[in-house]
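The values are calculated or read from the model by the stated rules, or taken from the named source; none is laboratory data. Source: prediction; values computed, not measured. In this analysis, Cβ positions are derived from the backbone assuming ideal geometry, glycine residues included, and neighbour counts consider all displayed protein chains.
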Amino acid sequence: MSDSPKAWLSDGMMNLLVDYYTEVPFRPYGSGATRENVLPVLRELDLGYICIYAKGHSGYTTWESSLKTRHVMLEQDMPRFFREVTRETGTKLVLYYSGLLDGIAGLRHPEWRMLHQDDSEQRYFDDFAFLTSYANCPHSGYFDEWVAVHLREMIEGYDPDGIWVDGDWPSSCYCARCQAVFREEMGYAEPWSDVQRRPEFAAEYTKFWNRVTARWRERFNRLVKSLKPDCAYSAGNISPRCEFLTPFDWRSGDFFSPGFFLLHDMARMMRWYDTLGVPYDAYVCDTSFTHVRKHVRSRTKTLDRMLQEAATVAANGGAVGYWTYPNGDGAFVPSRMEKAKRVRSFLREREDVFLHAQSAHWTALVVTDPATPTFGGANVEGAHKALAALHRSPELMDETGVSADMPHALVVVPEQAVMDEDTAKRLVAYAERGGRLLTSGATLNSSVLRAALGVTEVRAGAVQDGHVLLKTHDEPTGVDAPWDQVIGGEELYPLYLSWDQFNPEARHLPNNWPMHGEIDEAHPEPAGFPAAITRRVGQGSIAHICTAIFDRYKTLGDPQMLRWLREIVDALDPQPYFRTDAPTWVDVSLRRKNGMLLIHFVNQNPGRDVARLGTDDTWVDEIPVVGPYRCDIRLPKSPEAVTLEPGGEPTDWHYADEVLTVVLPKLWIHACVKIK
Ligand SMILES: [Zn+2]
């Protein structure tokens, strides 16, 4: 095995994140982390790496630092202990380090604290009465006088294999230092109060802050590499857009559920990280993450749910970071480590189909707006959610991935208000060469795309709430969102109105009651303009949906919307490379490895009634066994072998007219059809 970070990171199937907060000052820190407690776990789990705390957001460290930041009840030098046991077990050691957040640094150096736009200080984690965690400005002395001292001690003292940075996510800083750098970069000379009144201020400051934090990470990594060239670097949950590509050795994030992330969110981020050219992993927590619900005590999640999360990550090429909370004294919790072992053996059985595979590059979801938030925003998240439900195995990329000869059968650009002209031209060239391009809503801001579609005018938000009559279903699709009146292009679907849309008294009805927003199905009222348009360009075609449908689908997940999207995708790509009769909640990933096609199926069914608003009962247990499912794959020639993984069992298959038909007899949480 090579020792370069990218090599050992991509060889790892499962990692372990020990989330042992240094924030809590009143418990002995580390006395429970003994050889007897830790060594058997490391031996059995055979990890890619283990990540332990060096410094938390509080600023307390798990070693004796010359900055006098050690945890007040530190019982043992934790990096030293873990370096010893990881050497004995051949495990890589990654140290967790809180980046811009550091409570002690901000306490001792008030001048370093980051400021909000109203000059108030940026504080985090007010949940803990004994703690204030300050965000510290990257333009202050924080890096040279604080972070650099810690990094030197950590790397020279403990020889870690990697550093994982968390807490680089505070909001923009508006202190005098940052104002000065911003002015200089923008060439603004007027008083700050006038600068803030510029119409472009908010957008420009967001982009400025992105540049500042990117430079901060580059500087951090440069110091790490100068101290130890093969020490791996990553920071959690940083936008995968091209502006942020350097300096990562791997991409990573803590995807906590049920607090924030659903399974499709984990799948989306893995499918985005997959296009960045470095290994990637996701931390999935064995404890229910309920910190936004103050009245809900956190408990251990079920094994079935952990396997669902792990399969979702691994089927999309990510290493699984098993994320656990130890006892207050740092001892691993026996029942949670048993669960970790079960997850490990589940992954071990499937390593051959999970590791070192690549995306099949079939469907691309393109993000062109530089203001896109870290996880994509509702438009991108909704587009992924819909395309995954349609089993299109989408991969995500920003505009740098777009080329005229990209291999994808379908490219989707969901409601991207900003797209540079060159990218738009490349997308049109892709369509002209036989590609199929689907756009929606604000993506039509691009004059190049408008011209390609033959659109002469757009009246944004001409109607609120509109309906579409489907070709494959008797139930119409209603989308309660602003619809654009698009003039030009060829109508793909006409738009209809709610039947008393213009009855002035309808304003007295609350928007959300069921007697509101119906379409008269027998005599629908035309809006007089299209709901979607299309145009053939060269060898291919473009279709455009005249509303922010993906944004709405992210929030609502309405099956009516999905049916319409399925019709549009089928119209664009009538003979798809892959098709299955599996339900929408079976997530499909098409991957390639050594000339083989791997079709991963992950059962994301929660197995229970979830149709209730505002509940705290979010447990997932008892995932049902489902199937059989049929799938059809268009292949130029008959395959040599088709097997079901794990296990390598031969399966019944049939090849005729360049279509391979395989039946997956049953599916519990994960199965893979391997085609040679
Ligand atoms: Zn600042």
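Of all the criteria given as (1) buried (at least 19 other Cβ atoms within 10 Å of the Cβ); (2) under 30 Å from Tyr430 (Cα atoms), the one not satisfied by Arg536 is (1). Could you list all residues from the range 327-339 that are over 24 Å from Leu9 (Cβ atoms) and assigned to a loop (DSSP other than H, G, I, E, B)? Passing the criteria: Asn327, Gly328, Asp329, Gly330, Ala331, Val333.
Kindly state which helices (runs of 4 or more DSSP H) lie completely within the range 352-470 and contain at least 3 residues that are more than 30 Å from Ser498 (Cβ to Cβ) and at pLDDT 95 or above.
On the way: elements: 377-389, 421-432, 447-453.
Correct list: 421-432, 447-453.
For beta carbons closer than 8 Å, sequence separation of 6+ or different chains, a first residue in the range 182-197 that is of a type in the set (A, V, I, L, M, F, W, C) and a second that is assigned to a loop (DSSP other than H, G, I, E, B), the qualifying pairs are Phe182/Tyr188; Val195/Tyr188. What residue, among those in the range 109-138 that are more than 9 Å from the ligand (Cβ to nearest atom) and of a type in the set (D, E, K, R), is farthest from the chain's Cα centre (by Cα)? Applying the filter and picking the extreme gives Glu111. Apart from one condition, Arg215 fits all of (1) within 15 Å of the ligand (Cβ to nearest atom); (2) surrounded by fewer than 15 Cβ atoms within 10 Å (Cβ to Cβ); (3) part of a loop (DSSP other than H, G, I, E, B); the exception is (3). Among the residues here, Pro170 qualifies as assigned by TED's automatic domain parsing to the domain that holds His71, within 12 Å of the ligand (Cβ to nearest atom) and either assigned to a loop (DSSP other than H, G, I, E, B) or without any contact (Cβ under 8 Å) to a residue 60 or more places away in the chain (or both). Could you check Trp209 against (1) at pLDDT 95 or above; (2) within 12 Å of the ligand (Cβ to nearest atom); (3) assigned to a helix (DSSP H, G or I) and say which number it fails? Trp209 satisfies all of (1) at pLDDT 95 or above; (2) within 12 Å of the ligand (Cβ to nearest atom); (3) assigned to a helix (DSSP H, G or I) except (1). Residue check: is Cys175 away from the ligand (no atom under 15 Å from the Cβ) and surrounded by 14 or more Cβ atoms within 10 Å (Cβ to Cβ)? So Cys175 fails the test.
Just one of the listed residues (Asp480, Asp500, Asp484, Asp520) is in the same structural domain as Arg566 (by TED's automatic domain parsing), without any contact (Cβ under 8 Å) to a residue 24 or more places away in the chain and surrounded by 15 or more Cβ atoms within 10 Å (Cβ to Cβ), namely Asp500.
Cβ-Cβ contacts under 7 Å between residues 6 or more apart (or on different chains), taken from a first residue in the range 653-673 that is among the polar types (S, T, N, Q) to a second residue that is surrounded by 13 or more Cβ atoms within 10 Å (Cβ to Cβ), are listed as Thr661/Arg630; Thr661/Asp632; Thr661/Trp653.
The residues of the range 302-316 that are in a loop (DSSP other than H, G, I, E, B) and surrounded by fewer than 24 Cβ atoms within 10 Å (Cβ to Cβ) amount to a single one, Thr302.
Taking the range 190-210 as the range and being under 34 Å from the mean Cα position of the chain (by Cα) and of a type in the set (Phe, Trp, Tyr) as the test, the residues that pass are Phe201, Tyr205, Phe208, Trp209.
Applying the condition of being of a type in the set (D, E, K, R) and in contact with a helix residue (DSSP H, G or I) (Cβ under 8 Å, 6 or more places away or on another chain) to the range 147-172 and asking which residue is surrounded by the most Cβ atoms within 10 Å (Cβ to Cβ) yields Asp161.
The residues of the range 523-556 that are out of contact with any strand residue (DSSP E or B) (no Cβ under 9 Å at 6 or more places or on another chain) and either assigned to a strand (DSSP E or B) or polar (S, T, N, Q) (or both), listed by number, are Gln539, Thr555.
Could you list, in sequence order, all residues of the range 451-473 that are without any contact (Cβ under 8 Å) to a residue 40 or more places away in the chain and within 21 Å of Tyr553 (Cβ to Cβ)?
Ala460, Gly461, Gln464
Of the residues making up the range 108-146, those that are outside any loop (DSSP other than H, G, I, E, B), at pLDDT 95 or above and surrounded by fewer than 18 Cβ atoms within 10 Å (Cβ to Cβ) are Arg108, Pro110, Glu111, Asp144, Glu145.
With respect to the stated conditions, Val149 fails to be away from the ligand (no atom under 16 Å from the Cβ) and either among the charged types (D, E, K, R) or not in a helix (DSSP H, G or I) (or both).
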